[in-house]
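Comments concern the structure below.
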Amino acid sequence: MSTSATPAEKQPHFLKQVLKFFSRRRYPGETPDGYKKPTKEQRAAIEAAAEAKAHHRNNMAANAEHPQPSLPKDFLWGYATASYQIEGGATENGRGPSIWDKFSHIPGKTADGGTGDVACDSYHRTEEDIALLKSYGARSYRFSISWSRVIPLGGRKDPVNPEGIKYYQTLVKQLVDAGITPFVTLFHWDLPQELHKRYLGMLNKTEFSLDFERFARVCFTELPEVKNWITLNEPWCSSVLGYNTGLFAPGRCSDHEKSPDKAGDSSREHLIAGHSLLIAHARAVKAYREDYKPKQGGQIGVTLNGDWAEPWDPEDPRDVAAAERKLEFATAWFGDPIYLGDYPASMREQLGDRLPTWEPEEIALVKGSNDFYGMNHYTANYVRHLDTPVPEDDHLGHCETLFTNKAGDCIGPETQSVWLRPNSEGFRKLLIWLHKRYGGPIFYVTESGTSLKDEHLKTTKEDIYEDTLRCDYFRDYITAMARARCESGVDVRGYFAWSFMDNFEWAEGYVTRFGVTFVDYENGQKRMPKRSAKVVQETFEKLIEK
């Protein structure tokens, strides 16, 4: 995630951790002769605007070289959110605590001390939010179910909460009545806290996978109108950020002073968690296919995140190999078992016996457990090989990620997020890479979007409305996706912009904003559309075949 020009030593404690975790460099501009020297803030704004315009021009030029792309008539497009990020109502009507309720209340774990206690208050605003979605022209809406709202303690022998079920039944009905197709995620990182307390959650593959299957079955049974299911959102984040770096809940890592549990092993636990998540995903898919799909007629898949990787020096075969390895450690870690039946060889080679092995019955369950590939994509990196010994806690594939290459080219303009630099060409290339690696699966782009540098500092309605970089991002990325379909045969059938509204951005708290809708956290969570909401609609209207 890219961050401000403030030196690392002046950053809040959380941002120091993030800056250490993600590589970044900053490139100050020159003050033009004849001008009064601008302030530091003015200079940063000028540089960011110039950089963003240059990248947008380059993207538009690249797109102009090819025939006009298009998307099919039945293409599903809309917006995405997640339960803990928007709902609020954290203790209402029987909801139990999740690991994020506990983690976000620990001082220093989020950028601004924010929590999801109230968030966007969507728990009380379903009618208002659905009306807003309809006004944006959205055909579909992706949201997630709070496991601890449905089963407060989480376990397969624990009681179901009728009020939690009722909330999601009402939400689904109102969406369907509005002509908006629900796309529902079962698990978006908010594990019931009780399951972490009982058996450390994903570190116990047997208990976790059985409890997840039961939760999934409850949702399949109670929400038969839903025809599009996603088992897990970004298992890489749950595994690496939750059990390796400790930046996300439950925050376990080898630094036991940092870990809320005062325990953790950054060399192994994320690999165990990832293995458990794949088995849990596969159990839910098997249950749906055997017991629900024949009657309900829906589809089910998993959502995997992935950043495109370009070699830092394309003439150096070590950098070329490192870029490929980075893709495998991030995305193929989960994609390969599902589509190819094993972990990538590069992971096995580096990690040895720390990477779990597959029992025959496990891989038989996992392989083929996707009706579609859910793709979350935001950014790209230049990747450079490392000659140093491999640290035991390495999760990238023994490489470093950078925003500039050997020639000095910057991969994209700075945003509020220290990890995110827009690069639509990387999006197109990643779609093609996945298409080729996995034999042409059906794709739904289940998240894609950008934050804006210092957007949280905007105060006037006029400034809030004008989110120019986000508008450029969506034009470029949606067009790049359509190009991948028309030029390379990628079977992409949906796109969900992140996000429908500004929300609780996990460890980034409320400082970072991704929404096409402004949420006024200081004045009752009032909503206000930004220009990007109009741009997304116009872009799809232009590209979807009549």
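Table for the structure above
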item	result
Computed [θ] at 222 nm, helices only, for the chain once each DSSP H run of length n ≥ 4 contributes -39500 (n - 2.57)	-11500 deg cm²/dmol
Centre separation in Å (Cα based) which lies between segment 453-497 and segment 343-399	29 Å
Spatially close lysines, pair count over segment 213-333: Cα under 16 Å, gap of eight or more or interchain	4
Kyte-Doolittle at least -1.0, axis length at least 15 Å by Cα - qualifying DSSP helices, the chain	40-64, 162-177, 205-222, 269-291, 317-327, 424-437, 468-488, 531-543
Contour excess over end-to-end distance, with Cα ends at Lys406 and Asp177 and 0.36 nm allotted per residue	77.1 nm
Segment 282-426: translational diffusion in µm²/s, Stokes-Einstein, Kirkwood Rh over Cα pairs, 10 °C, 1.306 mPa s	93 µm²/s
Dipole of the chain, positive direction: furthest Cα of Trp189, Thr446, Ser122, with charges on the beta-carbon	Ser122
Charge sum, other residues only, whose C-beta stays under 11 Å from Trp433's C-beta, Lys/Arg counted +1 and Asp/Glu -1	+2
Residues of type aspartates and glutamates that Lys542 reaches as a straight line, Cα spacing below 17 Å, ignoring anything fewer than 8 places off in the same chain	Asp74, Asp472, Asp476
Farthest toward positive dipole pole in the chain [+1 Lys/Arg, -1 Asp/Glu at C-beta], among Leu133, Pro97, Val285	Leu133
Given charges at beta-carbon only (K, R positive; D, E negative), |dipole| of the chain in Debye	780 debye
Relative contact order %, the chain, counting alpha carbon pairs below 8 Å whose residues are six or more apart	19 percent
Of Pro344, Val535, Thr468, farthest towards positive along the dipole that unit charges on Lys, Arg, Asp, Glu beta carbons give the chain	Val535
Cut-off 10 Å between beta-carbons: net charge of the residues surrounding Pro260, Lys and Arg +1, Asp and Glu -1	+4
C-alpha center-to-center spacing [segment 224-242, segment 173-207] in angstrom	7 Å
Glu349/Ile106 FRET efficiency (R0 51 Å; Cβ-Cβ; nearest 0.05)	0.85
Projected label distance in nm at Leu340 and Arg198, using a 7 Å step from Cα toward the beta-carbon	3.6 nm
Debye, to nearest 20: dipole size of segment 63-143, +1 on Lys, Arg Cβ, -1 on Asp, Glu Cβ	220 debye
Dipole magnitude of segment 262-419, debye to nearest 20 (Cβ charges: Lys/Arg +1, Asp/Glu -1, about Cα centre)	740 debye
Sparse-neighbourhood loop sites, trypsin sites (Lys or Arg not before Pro) in segment 142-200 - DSSP loop, at most 12 other Cβ within 10 angstrom	Lys157
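Bear in mind that the values in this text are calculations on the coordinates, not laboratory data. Predicted, not measured: the structure shown is a model, and the values here were computed from it. Heads up, the Cβs are rebuilt from the backbone with ideal geometry, glycines too, and the neighbour counts pull from every protein chain shown.
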